[in-house]
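What follows is one structure encoded as structure tokens, with my remarks underneath.
The values are calculated or read from the model by the stated rules, or taken from the named source; none is laboratory data. In this text, all values refer to a predicted model and were calculated from it rather than measured experimentally. Positions of Cβ are generated from backbone atoms using ideal geometry, with glycine treated the same way; all protein chains shown enter the neighbour counts.
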Amino acid sequence: MIAQNLSPLPIDLNPQCLPQHVAVIMDGNGRWATRQGFPRVAGHRQGARTLKALLRCCKDWEIPTLTAYAFSTENWRRPTEEVDFLMLLFERLLKKELAEMNREGVRISFIGDLDALAPSLQRQIERATKATAENQSVHLMVAANYGSRSEMIHACQKIAQQVQQGKLDPTEITEKVLSQQLYTSDIPDPDLLIRTSGETRLSNYLLWQIAYTELYFTDTLWPDFDQSAFHQALKEYGKRDRKFGQVRLSA
Ligand code: FPP
């Protein structure tokens, strides 16, 4: 992150109506690159720049948590060269951006089955997670080798073990107990989920956590999702009536 002036909250956004946690599915990198006549991987490189700009916006506009879907459990099915490029990109970014993340007060953490990642990448993840753990300006959570179904299976296995060991009675299994076994145990659920590039699927992303999340889909390709596109998404979010299953008595 290059030191920049603070970008003020646009006047048509009410600070009281901003999401506290935004989750993004960064879709459309490949199409963006192909349309410009570049190889697909150039789209991922540009996509990483977009993520950085969005993180800065979250920091400036006091949105405390941003969760980005960087690599799903299904993404291993992509061509080997693309998977290798992405892994190398994650590793390079973690090394290159660590000092700046610390200067900017960014906390970074990861969710997903990290054991399956290359040991060198795991080391960078551990290093960055530890080095930024106390930072408080904004929290970037990166979903890497993440899949919601496997996260839930994993949680069920841990709960089943507790039951088997006599530490938990089946009647004591509540939403809270299950939530506590997810990768996101200490993080409030997202308020807003954004998916770019015109796709309207959830693709195995945070399925438990988004039960009451507002969904926002846009045709904009991820590398083009700039501050003004985010502004639009937040404006739209501000108009939503979040009822959480209740009825408004005043309506
Ligand atoms: C989906 O677009 C994008 C990805 C699978 C990778 C996203 C990763 C980044 C933007 C890098 C972020 C870096 C860090 C460290 C978090 P796509 O390739 O499916 O696009 P397409 O649908 O146009 O083919």
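Numerical summary
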{"read-out": "Residue in segment 199-208 that is more than 15 Å from the ligand (Cβ to nearest atom) and more than 15 Å from MET26 (Cα to Cα) present", "value": "yes"}
{"read-out": "Unmet requirement for LEU51, which otherwise passes all of (1) closer than 20 Å to GLY105 by Cα; (2) more than 7 Å from the ligand (Cβ to nearest atom); (3) out of contact with any Phe, Trp or Tyr (no Cβ under 8 Å at 6 or more places or on another chain); (4) not basic (Lys, Arg)", "value": "(2)"}
{"read-out": "Criterion violated by PHE244 - all others in (1) more than 25 Å from PHE110 (Cβ to Cβ); (2) among the hydrophobic types (A, V, I, L, M, F, W, C); (3) in contact with an Asp or Glu (Cβ under 9 Å, 6 or more places away or on another chain); (4) in contact (Cβ under 8 Å) with a residue 24 or more places away in the chain satisfied", "value": "(3)"}
{"read-out": "Qualifying residues in segment 203-221 (those that are free of Cβ contacts under 8 Å to residues at least 24 places away in the same chain and not charged (D, E, K, R)) - the one farthest from SER179 (Cα to Cα)", "value": "PHE217"}
{"read-out": "One residue from ALA33, ALA42 being out of contact with any Gly (no Cβ under 9 Å at 6 or more places or on another chain), in a helix (DSSP H, G or I) and within 14 Å of the ligand (Cβ to nearest atom)", "value": "ALA42"}
{"read-out": "Filtered residues of segment 39-68 (kept if under 15 Å from ALA233 (Cβ atoms) and surrounded by fewer than 18 Cβ atoms within 10 Å (Cβ to Cβ))", "value": "ALA53"}
{"read-out": "Failed criterion for LYS96 (all others in (1) touching a residue at least 40 places away in the same chain (Cβ under 8 Å); (2) charged (D, E, K, R); (3) out of contact with any Lys or Arg (no Cβ under 7 Å at 6 or more places or on another chain); (4) more than 7 Å from the ligand (Cβ to nearest atom) hold)", "value": "(1)"}
{"read-out": "Filtered residue count, segment 10-30, keeping only those that are within 16 Å of the ligand (Cβ to nearest atom) and in contact (Cβ under 8 Å) with a residue 24 or more places away in the chain", "value": "8"}
{"read-out": "Pairs, first closer than 15 Å to ASN75 by Cβ in segment 147-160, second of a type in the set (Ser, Thr, Tyr), C-beta under 8 Å, six or more apart", "value": "GLY147/SER72; GLY147/THR73; SER148/TYR205; SER150/THR73"}
{"read-out": "Meets criteria (hydrophobic (A, V, I, L, M, F, W, C), in a loop (DSSP other than H, G, I, E, B), surrounded by 14 or more Cβ atoms within 10 Å (Cβ to Cβ) and out of contact with any Leu (no Cβ under 8 Å at 6 or more places or on another chain)) for LEU168", "value": "yes"}
{"read-out": "GLU91 vs. criteria acidic (Asp, Glu), farther than 24 Å from ASP219 by Cβ, at pLDDT 95 or above and surrounded by fewer than 17 Cβ atoms within 10 Å (Cβ to Cβ)", "value": "no"}
{"read-out": "Considering residues of segment 69-88 that are among the hydroxyl-bearing types (Ser, Thr, Tyr) and within 11 Å of the ligand (Cβ to nearest atom) only, the residue surrounded by the fewest Cβ atoms within 10 Å (Cβ to Cβ)", "value": "SER72"}
{"read-out": "Residue list for segment 228-241, restricted to those being in contact (Cβ under 8 Å) with a residue 40 or more places away in the chain and closer than 28 Å to GLY147 by Cα", "value": "PHE230, ALA233, LEU234, TYR237"}
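Residue by residue, here is whether (1) charged (D, E, K, R); (2) part of a loop (DSSP other than H, G, I, E, B); (3) modelled with pLDDT under 95; (4) farther than 24 Å from SER72 by Cα holds:
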| site | (1), (2), (3), (4) |
| --- | --- |
| GLY198 | no, yes, no, no |
| LEU206 | no, yes, no, no |
| ASP219 | yes, yes, no, no |
| PRO223 | no, no, no, no |
| PHE230 | no, no, no, no |
| ALA233 | no, no, no, no |
| GLY238 | no, no, no, yes |
| ASP241 | yes, yes, yes, yes |
| SER250 | no, yes, yes, yes |
